[in-house]
1. Checking the cross-link filter: which lysines have an alpha carbon closer than 19 Å to that of LYS40, excluding same-chain neighbours under 8 positions apart?
2. Expressed as a rounded percentage, what relative contact order does the range 30-78 have, with Cα pairs under 8 Å and six or more residues apart?
Amino acid sequence: MSIRIGNSCINCDNLLENENCKIHGVKVSTSYTCDSFEMKAALKNDPNCDTCARYQGPTCANPQKATPGMLCSHWAPQNATA
């Protein structure tokens, strides 16, 4: 099974901070998409201990070595949903 970023408003460059579409002028949610979809140029990509859901927790793979800025192969994004 492939995991992909969907063409939803959450990934669209036209989404404003107040969850309004700057093209259509309406409030939208993550389940919306349209023909005016423009993928954001860059998604936040900061994989390190500070952004890891396992950091300082019981599932941390390297609890004795883990420090802010460090990256390991067990990194899990803090806001991950599946």
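A short reminder: the numbers here are calculations on the coordinates, not readings from a lab. It should be emphasised that the depicted structure is a prediction, and the values quoted were computed from it without experimental measurement.
1. Result set, ordered by chain and number: LYS22, LYS27.
2. 40
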